1. Send over a whole-number figure in Å² for the accessible area per residue of the chain, probe 1.4 Å.
2. Classify segment 5-124 as rounded, prolate or oblate from the Cα gyration tensor: take a ≥ b ≥ c as the square roots of its eigenvalues, call it rounded if a/c is under 1.5, otherwise prolate when a/b beats b/c and oblate if not.
3. Amide H to amide H, which residues 5 or more places from G227 or on other chains are under 5 Å from it, using H placed in the peptide plane?
4. Gaussian network model of the chain, Cα springs within a sub-10 Å range: biggest mean-square fluctuation belongs to which of V173, V141, V163?
5. First measure r as the distance between the Cβ atoms of H187 and M60, then evaluate 1/(1 + (r/R0)^6) with R0 = 35 Å and state the FRET efficiency to the nearest 0.05.
6. Reachable aspartates and glutamates from K89, Cα under 15 Å, same-chain residues fewer than 8 places away excluded?
7. Grab the beta carbon distance between E109 and H29, set R0 = 25 Å, and tell me the FRET efficiency rounded to 0.05.
8. By DSSP, what percent of the beta bridges with both residues in the chain are antiparallel, rounded to the nearest 5?
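The values are calculated or read from the model by the stated rules, or taken from the named source; none is laboratory data. Please read all numbers here as calculations on a predicted model, not as lab measurements. Neighbour counts are summed over all protein chains in view; Cβ atoms, including those assigned to glycine, are modelled from backbone coordinates with ideal geometry. Remember, those area values only see protein heavy atoms, side chains included, never the ligands or the DNA or RNA. Shrake-Rupley method; radii C 1.70, N 1.55, O 1.52, S 1.80 Å.
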Amino acid sequence: MSLDRVLVVDDEPQIQRFLRPALTAAGYHVIEAATGAEALKAAATAAPDVMILDLGLPDMDGKEVIASVRGWSEIPIIILSARDRESEKIAALDLGADDYIEKPFGIGELTARIRTALRRKNRESAIATVLNVDGLTIDTVRRLVTRDTKPIKLTPKEYDLLVLLARYSGRVVTHKTLLTSVWGPAHGDDLHYLRVFIGQLRQKIERDPTQPSIICTEAGVGYRFMGDDKEMA
């Protein structure tokens with residue numbers, strides 16, 4: 001069985017020295033790139049299954065790499081982000097990055113994010129219609145949401161917001177993406193509006209709305225739907 005190929009894009013030698021043996025031991029084939037140009041070439045020629053991308057590259061901004069790759073590929077992209085670069089992290093997610101992990105990070109967390117990204121990639125061809133997680137069922141054909149088989153009454157906007165989050169199960173969806181997708185471009189900055197609707201959703205779908213386990217907050221960035229990674233089918 002062929003190994004999944006991980007493209008690691010980082011100009012810090014110590015990061016590369018850390019990640020190559022760790023990812024190899026975890027069962028991945030590692031491809032290395034130290035610049036944006038090398039990353040774009042490797043993404044086009046080496047057929048990686050997932051990209052680990054640092055935003056601070058010597059020849060171009062990592063966000064330029066994302067924008068370029070997204071012009072022709074849907075390869076999962078996981079951002080390596082310093083804690084003090086939150087605005088760039090959000091911009092990267094809006095450009096099409098799939099996830100982020102903050103430096104310093106542990107290899108266990110990184111490999112878990114890689115596994116999630118690969119599972120999502122491997123099921124992309126499936127037509128998603130039903131998602132089940134912790135007793136919550138979302139049926140997009142019948143536009144029906146139930147908790148332990150009991151119907152949950154949602155407003156149209158609440159339903160659209162829930163389905164959007166569920167479609168990206170396990171992935172961070174930014175405030176801007178949620179607002180513009182559900183309410184339109186004119187509402188891209190209405191964070192209070194979004195928080196109100198997220199609160200309403202949690203009241204209806206969470207077993208304990210005060211400790212949400214399905215819709216989790218990514219502070220300053222957006223929200224993550226914590227599905228069980230079973231495909232919607």
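1. On a per-residue basis, the chain sits at 48 Å².
2. Note, shape of segment 5-124 comes out rounded.
3. G170
4. V141
5. 0.65
6. Hits, sequence-local ones excluded: D54, D61, E64, D98, D99, E102, E218.
7. Calculated value: 0.75.
8. 50 percent
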